[in-house]
């Protein structure tokens, strides 16, 4: 019996710890908690209503999404009249749908969703409509278009820009390889289309091969290693994201094939550093800082009674020189 | 035939006393309590911390959220009682989703047929695993590890690598529907996945506790050699368990596809781990021969409540993973410790 | 030197429901080979487990080398110089002989970080040569025969400076030649003045190499005699303590028609050309040494193992069963030798164990009729007088004798026509033994045909109508109840001219 009580005490202690984490963790990471929010509200004299906004994103383990989350948190701190609860869907569509339900049950005023799946995340749109709260989609959108506003980029444009950048770097002539994202993912489909379309204009650029790196750095590295032995002559590699691009770069450096120009998409920190160091040819930056800021502001405006803008498209930024790269890098500090 | 009628040494004086079975021992009460205690402590703590937690709407949400893992965990319970493990269930779910979604895409309106076909595809793959395990004496861990990647690859091949949207309202209702429609968002209804989970659990309980097959599952898991020597067709039992498990994966896969309104080749990745966790928290032994559906349901509930509570409290996703692991370990330790109370 | 190396005085030990040892004494002199004898369950192994520190005695004292000692664990026993060599050895098969000998106390290099392999192997070589063992210390243990493994264990014991070595049934799985090598090693140890406690059921060996015999019976100390004062019969009567017919309630039964006929059944390398008949109401004893092939023959008949040629005729029809299930359906049941491996599902309830083989008989379609099942189990367990608190308790919670009764319950529920019992009384106490003998006798008188495999001579002689002696996978002889003598049986089993 004694043991049972000991273990029960342990469980209780754990639960308390869990509770403690619940209150401290988000604030430690720049988020806000209930208590903080209420004190803020009090200090403002309760003049302005604080909108509770739930945010569900793709998995934080991807650097791009982590940047997005950091941008959202920065916006959260900046705007006194909104309070964000940001949830990691961990790449599970089902979890994202469940999280949206939980947020609705919690009584948030609006939801910002970075959709995990074009088709799969659609029921969340339905759920928000049924609950009568506005939904702003951010970065990735759903098949069901009954959301208020989409804030993000035209994914295909990133492909087009990456393709153009390659062509420019190669002077319109050379042998190119493409590392694709997770097959079937909307990012993969659209970026592949964009890149292919851009390169079509340059008959002297030859696409040797294209393989999936499944959005992962080490998979991309393995793919590149295979190519390096297979193709004696490679001028450039274009990857659907910077994680994979960096993997390709590492493989090229390890094999001493530094003449190969690697271009990626997203503008990850390491990629920008690579551009500064001259190892990474270029990155097409998806400016999540602007997107996050616009999305939160759009949601606030809708909640304050403004008409939804339906679509806000943010342009990509090509990062080809150290100065531009440094500018965006500094922004993240 | 042998009645011992004339034998004084073997009389039946103890019969009357034995007819009245003594109740469950204190020990076994403690065992079933331990898990309940964990669960209740979690519920109490969460309802103190989060005012939303105990709202009817959130409770309905929790039940819907555990349904898919619950169905998978019930199937996994059979496999683990048998002394095996199944790592391929997530991939099987994906197969059910893409198979049925593509059938519907080609011939719209045959949702019922497509759904059955999706489930049967999983039953078949379960049978393949069962065949490999029983005929070639390959450890289930290895056979299902192979099936994990084979089925995932098959799903990608069938779907040609892309998700396929499901537009059929009946199919979608399996994942997103309710038993009765509500007119306002504040009214409560029972989600269809919960109903499916309850039916699956009830039927599985009947199979496991009331049928010969259920007994044989326990016996084979507890001691395969002794079961064979008692005239049980061990291979058949193994085969049936994997077919049953495959079928449940198919059902879960259909519910999932309905929920995410699409057949996705990458769906349910890593779901096997949550299912295994639910079964283990529920007190089943990985060495086989022991385990209960009720324990598994409680295990799935503990995981579901935890996930829901952590989201409600806005705990950072990084901390969530740590807390989840700690709770799983603590629940199992508690369960183990109470086994030794004397 | 003191008169005794070891004195165990008035040692008692009780387990729940059983008094395993009651005021037992054992005195061992330096340099003697001391046989410890008694029937199964007499308390030999309990006594040795106390000596080994695995059990703590409830009363009595142990004096070792003139000092009163309290042995709390096998490691402690090893430290003060008591080594045990068990029936089932557990050397680490993937390690070399030398590594096994010096495990846990490997000679280290000067830096104390790495094992000094050179010294390890040279030390081992010296030891092996000392005992005239033609083995290379670099061989893996897995290459050795059982006897060689045993020898290595003995060398390990000697190298540990053991002052007493206990050997539990060391020859049970050895060939004759290996036995001789073992005995030579024992002689050499004797010369080094290391006493040996030798536990064996084999009379011949005891008379051959032992100096003194102590006998236990039902947990009681019976006496110690120099071997010269005893002959086989007097030793047996010390061990058994009563006339055979008292414990074996065999009634004469008129045997009926042939229910089983086995015609030149063979399995390559295991058994060869086995033919016999079994009649209704008959108890057929199958005697032989361990490893003679008795269990293997029965396992083949029961469908647990395959056989290469021959024919099994059951109730006049040739049996063409593919698996055990079909054999069982033809009215054959088998209580296997190993309860834990093959008899019971230990982690499940008594009820589930009892009804396991006969669920078909108490179910409707796929569903078990639980009330009927419960009634049948309650009936069966009360008839068999199983000591238990509930049918829901796990099989592992019962004692050996009651576990065996559960296995019997399981098979009797099948209403078999032929019951094969493989060492039915191994490891169970005398009371339960007597009940099982009574049951066998009753069942046979009701017309059941019984085959009993046994290594215990008194049991085979006491219970069988007819005895087949099996040796080296062949039937070496057949004895009718009237003309059975212990010596003849043993001689026949050993395959020798006596």
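What follows is calculated from the coordinates using simple rules that are stated; it is not laboratory data. What you see is a predicted model, and the numbers here were worked out from it, not measured in a lab. Note that each Cβ is placed from the backbone with ideal geometry, even for glycine, and that neighbours are counted across all protein chains shown.
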(message) How high is the relative contact order of the range B:58-178? Use alpha-carbon pairs under 8 Å, at least six apart in sequence, and give a whole percent.
(response) 34 percent
(message) What distance in nm separates the two pseudo spin-label positions at residue C:315 and residue B:210, each 7 Å out from Cα along the beta-carbon direction?
(response) 3.4 nm
(message) Order these by the 10 Å Cβ neighbour count, fewest first: B:93, A:128.
(response) A:128, B:93
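How much FRET efficiency would the formula 1/(1 + (r/R0)^6) give for residue C:225 and residue C:338, where r is the Cβ-Cβ distance and R0 is 30 Å, rounded to 0.05? Walk me through the intermediate numbers first.
Numbers: r = 35 Å, r/R0 = 1.17.
The formula returns an efficiency of 0.30 here.
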(request) Give the angle, between 0 and 90 degrees and rounded to the nearest 10, that separates the Cα long axis of helix B:111-135 from the longest principal axis of the Cα atoms of chain B. (result) 40 degrees
(request) For residue A:273 paired with residue C:478, estimate the spin-label separation in nm (one decimal), with each label point 7 Å from Cα along the Cα-to-Cβ line. (result) 8.9 nm
(message) Give me the extension gain from residue C:29 to residue C:188: residue separation times 0.36 nm, minus the current Cα-Cα distance, reported in nm with one decimal.
(response) 55.6 nm
(message) Which of the three applies to the range C:257-341, rounded, prolate or oblate, going by the alpha-carbon gyration tensor with a ≥ b ≥ c and a/c under 1.5 meaning rounded?
(response) rounded
(message) Would any residue of the range B:150-184 have its amide N under 16 Å from a label point 7 Å out along Cα→Cβ of residue B:136? List them or say none.
(response) B:150-151
(request) Any chance you could give the angle, 0 to 90 degrees and rounded to 10, that helix B:89-106 forms with the longest Cα principal axis of chain B? (result) 50 degrees
(request) Any chance you could run the full-extension gain for residue A:80 through residue A:307? It's 0.36 nm times the residue separation minus the Cα-Cα distance, nm to one decimal. (result) 79.6 nm
(message) Considering only C-alpha atoms, what is the centroid distance from the range A:62-84 to the range C:62-120, in Å?
(response) 65 Å
(request) Determine, for C:71, B:150, C:451, C:115, the number of other Cβ atoms within 10 Å of each Cβ, and report the residues in order from fewest to most. (result) C:115, B:150, C:71, C:451
(message) So if I take the centroid of the Cα atoms in the range B:157-198 and the same for the range C:324-352, what is the distance between those two points in Å?
(response) 48 Å
(request) Any chance you could run the full-extension gain for residue A:333 through residue A:233? It's 0.36 nm times the residue separation minus the Cα-Cα distance, nm to one decimal. (result) 32.1 nm
(request) In whole angstrom, note down how far apart the Cα centers of the range B:107-121 and the range C:148-204 are. (result) 72 Å
(message) Over chain B, what is the relative contact order in percent, taking alpha-carbon pairs closer than 8 angstrom and at least six residues apart?
(response) 32 percent
(request) Report, to the nearest 10°, how far helix C:400-412 tilts away from the longest principal axis of the Cα atoms in chain C, using its own Cα long axis and a range of 0 to 90°. (result) 20 degrees
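Can you give the relative contact order of the range C:45-164 as a percent, counting alpha carbon pairs under 8 Å and 6+ residues apart? Intermediate values should be presented prior to the final figure.
Details: 123 pairs, mean separation 33.3, N = 120.
The value is 28 percent.
For C:332, A:69, what ranking results if the residue with the fewest other Cβ atoms within 10 Å of its Cβ goes first?
By the 10 Å Cβ count, ascending: A:69, C:332.
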(message) Could you tell me the calculated FRET efficiency between residue B:40 and residue B:322, based on Cβ-Cβ distance and R0 = 22 angstrom, to the nearest 0.05?
(response) 0.45
(request) Estimate the FRET efficiency between residue B:107 and residue B:184 by the formula 1/(1 + (r/R0)^6), using the beta-carbon distance for r and 35 Å for R0, to the nearest 0.05. (result) 0.40
